[in-house]
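Read through the structure below, which is laid out as structure tokens, and then see the notes.
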Amino acid sequence: MKAIVYTSNTGHTAEYAKILGEQTGLPVYALSEAAKQLSNGTEIIYLGWLFANNIKGYKKAAKQYKISAICAVGLCDTGTAIAEVRKVNAISEETPLFTMQGGMDKTKLHGINKVMINMLTKGMDSKKDRTEDDERMIYLLKNDQNYVSEENITAFMEWYKQI
Ligand SMILES: Cc1cc2nc3c(=O)[nH]c(=O)nc-3n(C[C@H](O)[C@H](O)[C@H](O)COP(=O)(O)O)c2cc1C
């Protein structure tokens, strides 16, 4: 393993990348900058934020580097949504995939991202017979909060220590 490479929009994934860098001792690069430092085919850990279950930057990173493990940062609870994320991004069972809860910061959202979150919030708000999960999602969407924590990287670190 040579490096940690990430894509972040509002900062949560960058925070996780920094924490993982500190805990593993690996250098950390934004995907947009990584090519200056890493040659093609370098073995990396990739972190990207979740956009409609797509891991941002994953396809591009997979073309350039050998990805040993993936961390997807979203609003979903840490350790959940693994099957959906695998399916949408066509990640095989052989590649370790971890989800980590990031947060919401609408002050940093612009353009299509802002429009999509506003539409999703409105749609969920107008829903009748909301489930507990719906209520929780509405809360997460409406209240800007940062859920990044060292606890959320536990599963990743367990995997990392045994490779
Ligand atoms: C347009 C949009 C779509 C999103 N889709 C998902 C999603 O499918 N699943 C999820 O868990 N979080 C989703 N999120 C939440 C982000 O992944 C979350 O805010 C994350 O912390 C952003 O990471 P960043 O701060 O590194 O950009 C979405 C956010 C936006 C703006």
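The values are calculated or read from the model by the stated rules, or taken from the named source; none is laboratory data. Note that this is a predicted model, so its numbers are computed, not measured. Quick reminder, even Gly has a Cβ in these numbers, built from the backbone with ideal geometry, and neighbours come from all protein chains shown.
Quick notes
- Within the range 73-106, considering residues that are farther than 14 Å from residue 48 by Cβ and among the hydroxyl-bearing types (Ser, Thr, Tyr), the one surrounded by the fewest Cβ atoms within 10 Å (Cβ to Cβ): 92
- Selected residue (only one of 132, 93, 150 is free of Cβ contacts under 8 Å to residues at least 24 places away in the same chain and within 27 Å of residue 62 (Cα to Cα)): 93
- Residue 57 being within 21 Å of residue 116 (Cα to Cα), outside the structural domain of residue 117 (by TED's automatic domain parsing) and buried (at least 20 other Cβ atoms within 10 Å of the Cβ): yes
- Entirely in the range 19-103, the strands (runs of 3 or more DSSP E) that have 1 or more residues that are over 17 Å from residue 9 (Cα atoms): 43-51, 66-74, 97-101
- Subset of the range 135-163 [within 30 Å of residue 69 (Cα to Cα) and among the acidic types (Asp, Glu)]: 144, 150, 151, 158
- Number of the exception - residue 35 against (1) in contact with a strand residue (DSSP E or B) (Cβ under 8 Å, 6 or more places away or on another chain); (2) touching a residue at least 12 places away in the same chain (Cβ under 8 Å): (1)
- Selection status of residue 22, without any contact (Cβ under 8 Å) to a residue 60 or more places away in the chain and out of contact with any Leu (no Cβ under 9 Å at 6 or more places or on another chain): yes
Here's the yes/no breakdown for (1) of a type in the set (D, E, K, R); (2) in contact with a strand residue (DSSP E or B) (Cβ under 8 Å, 6 or more places away or on another chain); (3) modelled with pLDDT under 95:
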{"position": "61", "(1), (2), (3)": "no, yes, no"}
{"position": "75", "(1), (2), (3)": "no, yes, no"}
{"position": "86", "(1), (2), (3)": "yes, yes, no"}
{"position": "91", "(1), (2), (3)": "no, yes, no"}
{"position": "99", "(1), (2), (3)": "no, yes, no"}
{"position": "108", "(1), (2), (3)": "yes, no, no"}
{"position": "118", "(1), (2), (3)": "no, no, no"}
{"position": "146", "(1), (2), (3)": "no, yes, no"}
